[in-house]
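Enquirer: Have a look at this one.
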Amino acid sequence: MSHPPLQAFSMTPYGLQGDSTLAELQLASSAFAVGPQLARAADPVPGAKPLSVAHLGPCLFRGGAEQQLIDLHHFFDPSQVVLTKCLVTNSNAIDPRVAADLKCPVLVATTEELARTATENDILLFWGLKLDELLPKSDAYKAKCVYLAHGDSWWTKELLDGSRGMTTHTIAVSQRVVEETCDHVPHTKIHNGVDTARLATTRSRDEMRASLGFEPEDFVVGFVGRFSPEKRPELLIESLSRLPRHYKALFVGWGTQRQELMDKANRLIPNRYAFAVADQYLGDYYQSMDAFSLLSVQEGFAMVLIEAMFSGLPIVATSVGAVPEVMVDRVNGLVVDGTSDQISRAVSLLQERREWAASLGREARRYACQFGHARRMALDYQNLLTSLCRQGA
């Protein structure tokens with residue numbers, strides 16, 4: 001398969017030129033002033049109590065919104081912010097393992113419990129719900145309600161529109177989310193970060209790959225996340241079916257489409273795939289990959305994108321969610337249009353030009369190490385929530 005010369009093409013935030021060589025682009029990328037600002041803790045108020053923060057959502061499964069909450073809880077300075085409880089509206093949508101990781105009370109959001117929470121806490125962080133229908137206005141409420149806009153879809157905007165009566169502020173996880181959902185509402189953009197402790201490994205790459213059924217000469221492209229329509233994991237199967245047999249897929253995740261995906265893989269790429277479920281030691285799986293794919297049609301800021309960057313993997317991604325803010329095509333990954341033809345060409349390019357692919361992975365890791373830590377995210381949240389409460393003092 002023939003490929004174009006190794007040149008990178010401009011993406012406007014970085015001012016890169018189409019005729020630049022890879023070396024010039026990598027040199028320029030070392031000076032990028034991109035990503036979230038490096039946060040500094042707000043000056044504490046002498047004698048002030050820590051902010052009491054509660055969280056409200058429709059479910060508590062092993063998803064990005066829940067992992068973000070766990071990471072915030074882990075990295076909040078307890079002298080400044082305390083997560084008091086997590087409320088869930090659907091009592092049948094609570095994974096006890098996720099609740100255990102959260103290490104704070106997890107309660108069903110009855111009308112009485114929700115009103116009590118809004119009365120007793122300084123901040124109510126919420127997502128995935130129309131709060132105006134759940135919490136009618138009352139002068140008795142103390143909490144400032146802060147909407148977490150995790151996605152860039154019509155659904156996120158519709159839920160925000162149904163929460164405007166109660167919402168003090170909105171936090172958007174990417175500029176795309178700001179543009180698609182946050183018109184005419186007070187908002188702040190805070191990029192997601194990840195706790196790299198989840199990326200620990202327990203065995204060697206060779207041992208892990210062998211346990212998954214991969215051979216040393218295989219080129220393994222990974223997917224990590226929920227098996228759902230907007231994530232489009234089936235595109236990876238369709239793309240690899242266009243390539244020789246040593247191109248293989250590793251799917252790490254869960255969701256309603258799992259069996260459908262396995263059936264499709266068995267039809268199109270038989271004996272060329274593996275499925276796994278994991279929520280800890282994800283580094284075992286990332287290190288088993290030669291490249292990572294993010295092929296969603298909708299995203300806010302996929303935490304797996306930063307995880308893959310921390311893992312030093314070359315990434316093939318659609319220009320969705322935060323991708324235009326954290327990736328530059330042919331500098332720290334490959335940005336594709338989401339067709340199986342272009343995805344397969346990008347994957348083939350990475351396999352055939354391993355040294356160049358490794359340089360993309362190194363640049364991706366450089367970005368993640370500078371901007372992608374959960375501690376930075378938690379400090380950004382902590383400063384914003386403190387500022388919101390001081391404004392109302």
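Enquirer: Just to check your reading of the model, which residue among Leu124, Leu114 is surrounded by 21 or more Cβ atoms within 10 Å (Cβ to Cβ) and touching a Phe, Trp or Tyr at 6+ places or on another chain (Cβ under 9 Å)?
Expert: The match here is Leu124.
Enquirer: Failed condition for Met309, given (1) of a type outside the set (Lys, Arg); (2) crowded, with 23+ Cβ neighbours inside 10 Å; (3) assigned to a helix (DSSP H, G or I); (4) touching a Leu at 6+ places or on another chain (Cβ under 7 Å), with all others met?
Expert: (4)
Enquirer: Right, another one. Give the residues of segment 121-140 that are outside any helix (DSSP H, G or I), hydrophobic (A, V, I, L, M, F, W, C) and modelled with pLDDT of 95 or more, sorted by residue number.
Expert: Within segment 121-140, Ile123, Leu124, Leu125, Phe126, Trp127, Leu129 meet the criteria.
Enquirer: While we're on this one: Please count how many residues of segment 76-120 are part of a loop (DSSP other than H, G, I, E, B) and either more than 25 Å from the chain's Cα centre (by Cα) or farther than 25 Å from Ala374 by Cα (or both).
Expert: Count: 9.
Enquirer: Separate question: Output yes when any residue across segment 315-324 is part of a helix (DSSP H, G or I) and either of a type outside the set (Lys, Arg) or surrounded by fewer than 18 Cβ atoms within 10 Å (Cβ to Cβ) (or both), and no when none is.
Expert: For segment 315-324, residues part of a helix (DSSP H, G or I) and either of a type outside the set (Lys, Arg) or surrounded by fewer than 18 Cβ atoms within 10 Å (Cβ to Cβ) (or both): present.
Enquirer: Continuing with this model, one more query. Among the residues of segment 360-380, is any within 21 Å of Glu217 (Cα to Cα) and not assigned by TED's automatic domain parsing to the domain that holds Pro96?
Expert: Here is the first cut: in segment 360-380, the ones within 21 Å of Glu217 (Cα to Cα) are 360-361.
Okay, now just the ones that are also not assigned by TED's automatic domain parsing to the domain that holds Pro96, so 360-361.
Checked segment 360-380: at least one residue is within 21 Å of Glu217 (Cα to Cα) and not assigned by TED's automatic domain parsing to the domain that holds Pro96.
Enquirer: Identify the residue in segment 254-276 that is in a loop (DSSP other than H, G, I, E, B) and within 26 Å of the chain's Cα centre (by Cα) and, among all such residues, is modelled with the highest pLDDT.
Expert: My answer is Gln257.
Enquirer: Do the conditions hold for Val81, that is, is it crowded, with 17+ Cβ neighbours inside 10 Å, closer than 30 Å to Glu230 by Cα, aliphatic (A, V, I, L, M) and modelled with pLDDT of 95 or more? Walk me through it before giving the result.
Expert: On the way: crowded, with 17+ Cβ neighbours inside 10 Å: yes; closer than 30 Å to Glu230 by Cα: no; aliphatic (A, V, I, L, M): yes; modelled with pLDDT of 95 or more: yes.
When the stated conditions are applied, Val81 does not pass them.
Enquirer: Considering only segment 158-252, give the helices (runs of 4 or more DSSP H) lying wholly within it that have at least 2 residues that are outside the structural domain of Asp337 (by TED's automatic domain parsing) and among the charged types (D, E, K, R).
Expert: Here the list reads 175-181.
Enquirer: Could you say whether any residue in segment 200-212 is in contact with a Gly (Cβ under 6 Å, 6 or more places away or on another chain), at pLDDT 95 or above and farther than 27 Å from Leu349 by Cβ?
Expert: yes
The values are calculated or read from the model by the stated rules, or taken from the named source; none is laboratory data. Owing to the predicted nature of the structure, the values given are computational and were not obtained by experimental measurement. Ideal geometry is used to build each Cβ from the backbone, glycine not excepted, and the neighbour counts take in all protein chains shown.
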